[in-house]
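Asks: Pasting in a structure now, in structure tokens, and then I'll have a few things to ask.
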Amino acid sequence: MLSPKMQEALNSQINAEYYSSYLYLSMAAFCDRIDLKGFSHWFRIQSQEEMIHVMKFFDYILDRDGQVTLTAIEAPPTSWPSALGVFEAALAHERHITNRIGKLVELANAEGDHPTHALLQWFVNEQIEEEASVDTIVKQLRMAGDAPVALLMIDRELGQRTLTPATE
Ligand code: FEO
């Protein structure tokens, strides 16, 4: 049985993951608007991945006989200064999520909640991967600078991304 505090924190994380999905979908729309279709595709996939994260927490709360409480999702921004700016914002957001996961781990430890701790280890590892992949793209965009050819090469590469199913 989840403690009321843990249940509330996990429900709050469902909201944060939904917001992530919403944010990345808004970033996909922005990139499409500035004609970077590969960037837009990458963010669409990212948005779908966040919904996998939502469902992991959703199913876990139900498996522990808890109550899922869905709350209003904040509206994300609709535009960013540039292609680099959008990825810098994505990196800042992933760091924020990593921080949230860290706090959940601390709460699970404080409560001696081993099942939740085990679930969160998946997210700890996922965040390493998420931050690393976005960080690489930010660095590539900084290298590309104002060179349109380099930007279009990155756009082509990002357009190849496929949805990786979450591993159990
Ligand atoms: Fe669900 Fe990108 O963290």
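Asks: Set Lys and Arg Cβ to +1 and Asp and Glu Cβ to -1, take the dipole of segment 43-134 about its Cα centre, and tell me which of Gln46, Ala75, Gln127 lies farthest positive.
Replies: Ala75
Asks: Rg (Å, one decimal) plus Dmax (Å, integer) for the alpha carbons of segment 13-152?
Replies: Values for segment 13-152 (Cα only, Rg and Dmax): 16.7, 54 Å.
Asks: What percent do you get for the relative contact order of the chain when only Cα pairs under 8 Å and 6+ apart count?
Replies: Working: 163 pairs, mean separation 51.9, N = 168.
Reported as a whole number, the value is 31 percent.
Asks: Just the Kirkwood number for segment 13-84, please: inverse of mean 1/r across all distinct Cα pairs, in Å, one decimal.
Replies: Numbers: mean 1/r = 0.0766 Å⁻¹.
By the Kirkwood definition, the hydrodynamic radius is 13.0 Å.
Asks: What is segment 112-168 by shape, rounded, prolate or oblate, if you read a ≥ b ≥ c off the alpha carbon gyration tensor as root eigenvalues and call it rounded for a/c under 1.5, prolate for a/b larger than b/c, and oblate otherwise? Present the calculation step by step, with values, prior to reporting the outcome.
Replies: Numbers: a/c = 7.95, a/b = 2.57, b/c = 3.09.
Judged from the Cα gyration tensor, segment 112-168 comes out oblate (a/c at least 1.5, b/c at or above a/b).
Asks: Additional query: Rounded to the nearest 10 degrees, what's the angle between the helix 114-144 long axis and the longest principal axis of the chain, both from Cα atoms, 0 to 90?
Replies: Relative to the chain, helix 114-144 is tipped by roughly 10 degrees.
Asks: Would you calculate the separation in nanometres between label points at Met143 and Lys5, each defined as 7 Å from the Cα along the Cα-to-beta-carbon direction?
Replies: Result: 4.6 nm between the two label points.
Asks: Might you tell me the accessible area per residue for segment 7-55, computed with a 1.4 Å probe and given in Å²?
Replies: Numbers: 1780 Å² over 49 residues.
Computed with neighbouring chains in place, this is 36 Å² per residue.
Asks: A further question on this structure: Springs between alpha-carbon pairs under 10 angstrom, Gaussian network model over the chain: which of Glu126, Glu49, Glu106 fluctuates most?
Replies: Glu106
Asks: While we're on this one: Below 8 Å, C-alpha to C-alpha, sequence gap of six or more: please give me the relative contact order for segment 17-114 in percent.
Replies: Details: 67 pairs, mean separation 30.8, N = 98.
It comes to 31 percent, rounded to a whole number.
Asks: While we're here: With a 1.4 Å probe and every protein chain kept in, tell me what percent of the accessible surface of the chain is carbon plus sulfur. Mind showing how you got there, number by number?
Replies: Working: 5130 of 9010 Å².
For the chain, the apolar C and S fraction of the accessible surface comes to 57 percent.
Asks: Additional query: Taking the Cα atoms only, what angle lies between the long axis of helix 37-63 and the longest principal axis of the chain, rounded to 10 degrees?
Replies: Tilt of helix 37-63: around 0 degrees.
Asks: For the Cα atoms of the chain, what angle does the longest principal axis make with the long axis of helix 4-33, in degrees from 0 to 90, nearest 10?
Replies: Roughly 10 degrees between the two axes.
Asks: Another one. Taking the Cα centre of segment 1-119 as origin, work out the dipole magnitude from +1 charges on Lys and Arg Cβ and -1 charges on Asp and Glu Cβ, in debye rounded to 20.
Replies: Numbers: 9 positive and 15 negative charges, 47 e Å.
Charge dipole of segment 1-119: 220 debye, to the nearest 20.
Asks: Oh, and also: Dipole magnitude of segment 87-168 about its Cα centre, charges +1 at Lys/Arg Cβ and -1 at Asp/Glu Cβ only, in debye to the nearest 20? Spell out each step's value before the answer.
Replies: Working: 7 positive and 14 negative charges, 47 e Å.
The dipole magnitude comes to about 220 debye.
Asks: Now, a different point. Given only helices, namely DSSP H runs of n ≥ 4 each adding -39500 (n - 2.57), what is the per-residue ellipticity at 222 nm of the chain, to the nearest 500 deg cm²/dmol?
Replies: On the way: 5 runs with 128 residues, N = 168.
One gets -27000 deg cm²/dmol as the mean residue ellipticity at 222 nm.
Asks: I've got another one for you. Among Ala9, Gly66, Ala29, whose Cα projects farthest towards the positive end of the dipole of segment 9-74, with charges put on the beta-carbon of Lys, Arg (+1) and Asp, Glu (-1)?
Replies: Farthest towards the positive end: Ala29.
The values are calculated or read from the model by the stated rules, or taken from the named source; none is laboratory data. As the structure is a prediction and not an experimental result, all values here were calculated from the model. Reconstructed Cβ throughout: ideal geometry from the backbone, glycine too, with neighbour counts over all protein chains shown. Each accessible area value is taken on the protein alone, full model and side chains, heavy atoms only, with ligands, DNA and RNA left out. Shrake-Rupley method; radii C 1.70, N 1.55, O 1.52, S 1.80 Å.
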